[in-house]
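Engineer: One structure, pasted below without further comment.
The values are calculated or read from the model by the stated rules, or taken from the named source; none is laboratory data. Computed from a prediction, not measured in an experiment: that's the story for all the values here. No Cβ is skipped: glycine too gets one built from the backbone with ideal geometry, and neighbour counts run over all protein chains shown.
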Amino acid sequence: MDLAIILSAASMTLVVALRYLAASGAFAWLTGRRKPGYHGALGPQIRREIGWSLLSAAIYGIPAGLVYWAWQERGATLLYTNWRAYPLWYLPLAPILYLLIHDTWFYWTHRLMHRPSWFRRMHAVHHASRPPTAWAAMSFHPWEAITGAIVIPLLVFVVPIHVAILGLVLLLMTIMGVTNHMGWEMFPRRLVHSALGGWVITASHHQRHHEKYRCNYGLYFRHWDRLCGTDEGLSEAI
Ligand SMILES: [Zn+2]
Ligand SMILES: [Zn+2]
C-alpha cells in the first residue's frame, strides 16, 4: 500500500483522538465546575468510555485519512478551497445537506441497532454508560463506529463542500456529540422548550434516549422521530 495512505490514516487517527480528548475533556471539566461531584462516582465507567472512544478514533481516522489522501494526492473529492468555485448561495446549503443526510443515516442505523440481536452485538457498549458522561461521545463498539465513520467521508465524493465549511460541520458534530451526553442542558430552558427546540436535538432529548432506549433516535434533528412516532419528548431529569 502507498506509504502516503498509511501516513494519512495515522495522522487523521491522531487528529480525531486529540479532538475527542480536547472536546470531551473541556466539557467534562465544565461539568465538574457547574455540577461538582455530579459524575464523581463514575470513574471506572469513564475509563471504559475513554478506551472505547480512542478505539473509535482509530476507526474514524482510517476513512478520514483516505479522504485526505484522495483529496491531496488525487484531487478525487468534491472538496474545494476557492470560494468562487460554486455559487455563493450554495455555501450555506452544503452544510444543511450534510447535516440532514448524516441525521437520516444515523436515525435509521440507530433504530436498527436497537433490534435486540443487533443491540447486543453493536450498540450495548454505547448504552453501558448509565448515565453517559461527556467522555461517552465516541464510546462505541467497533461495528457501530464503522457505521458512523463512513458517512462524511462518502459524502465528500458526492456533495461538494468548501473545506472550511466542512470544518464547521465537523466542529458542530463534535460539540453536539459531547454535549448531548454530558448529562446537563447547556442551553436556556426557554430555548430548549421553544419551537426551535421542537426540531433541534440537545442534551435533554438524547438523555431521554439513554433513559428509555427505544425512542429519540435522532442525531441533530427531531423530524424523523416525530414523523415515525418515536419522539418521546425531553428528559425531566436534567
Ligand atoms: Zn448516546
Ligand atoms: Zn441507542
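Engineer: Restricting attention to the range 123-146, which residues are near ligand 2 (Cβ under 10 Å from one of its atoms) and either surrounded by fewer than 16 Cβ atoms within 10 Å (Cβ to Cβ) or among the aliphatic types (A, V, I, L, M) (or both)?
Structural biologist: The one that is near ligand 2 (Cβ under 10 Å from one of its atoms) and either surrounded by fewer than 16 Cβ atoms within 10 Å (Cβ to Cβ) or among the aliphatic types (A, V, I, L, M) (or both): Ala124.
Engineer: Let me ask something else about it. Would you pick out the residues in the range 48-90 that are within 24 Å of the chain's Cα centre (by Cα) and β-branched (Val, Ile, Thr)?
Structural biologist: Answer for the range 48-90, where residues must be within 24 Å of the chain's Cα centre (by Cα) and β-branched (Val, Ile, Thr): Ile50, Ile59, Ile62, Val67, Thr77.
Engineer: Continuing with this model, one more query. Within 16 Å of ligand 1 (Cβ to nearest atom), within 30 Å of Arg84 (Cα to Cα) and either among the β-branched types (Val, Ile, Thr) or not in a helix (DSSP H, G or I) (or both): which single residue out of Ile152, Ile175, Ile238 fits that description? So that I can check it myself, show each step before the final result.
Structural biologist: Numbers: Ile152 fails: within 16 Å of ligand 1 (Cβ to nearest atom); Ile238 fails: within 30 Å of Arg84 (Cα to Cα).
Residue meeting the stated conditions: Ile175.
Engineer: Six or more apart or on different chains, Cβ under 7 Å: which pairs go from a residue in the range 173-191 that's farther than 25 Å from Pro95 by Cα and of a type in the set (Val, Ile, Thr) to one that's assigned to a loop (DSSP other than H, G, I, E, B) and away from ligand 1 (no atom under 14 Å from the Cβ)? Could you list them?
Structural biologist: none
Engineer: Is there a residue being surrounded by fewer than 19 Cβ atoms within 10 Å (Cβ to Cβ), among the basic types (Lys, Arg) and assigned to a helix (DSSP H, G or I) anywhere in the range 75-90? Can you show your working first?
Structural biologist: Going residue by residue through the range 75-90, those that are surrounded by fewer than 19 Cβ atoms within 10 Å (Cβ to Cβ) are 75-76, 78, 80-90.
If we keep only those that are among the basic types (Lys, Arg) too, we end up with 84.
From what is left, the residues that are assigned to a helix (DSSP H, G or I) are 84.
Yes, the conditions are met somewhere in the range 75-90.
Engineer: What number goes with the only condition from (1) within 30 Å of Val67 (Cβ to Cβ); (2) within 16 Å of ligand 2 (Cβ to nearest atom) that Cys228 does not pass?
Structural biologist: (1)
Engineer: Scan the range 188-203 and tell me whether some residue there is within 16 Å of ligand 1 (Cβ to nearest atom) and among the charged types (D, E, K, R).
Structural biologist: Checking the range 188-203: not a single residue is within 16 Å of ligand 1 (Cβ to nearest atom) and among the charged types (D, E, K, R).
This table checks each residue for (1) in a helix (DSSP H, G or I); (2) at pLDDT 95 or above; (3) exposed (fewer than 13 other Cβ atoms within 10 Å of the Cβ).
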| position | (1), (2), (3) |
| --- | --- |
| Ala10 | yes, yes, no |
| Arg19 | yes, yes, no |
| Ala23 | yes, yes, no |
| Ala26 | yes, yes, no |
| Gly32 | yes, no, no |
| Ala41 | no, no, yes |
| Gln45 | yes, no, no |
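Engineer: State all residues of the range 207-225 that are part of a helix (DSSP H, G or I) and either under 22 Å from Pro95 (Cα atoms) or among the hydrophobic types (A, V, I, L, M, F, W, C) (or both); if no residue qualifies, say none.
Structural biologist: Filtering the range 207-225 for residues part of a helix (DSSP H, G or I) gives 207-212, 223-225.
Those that are part of a helix (DSSP H, G or I) and either under 22 Å from Pro95 (Cα atoms) or among the hydrophobic types (A, V, I, L, M, F, W, C) (or both): His223, Trp224, Asp225.
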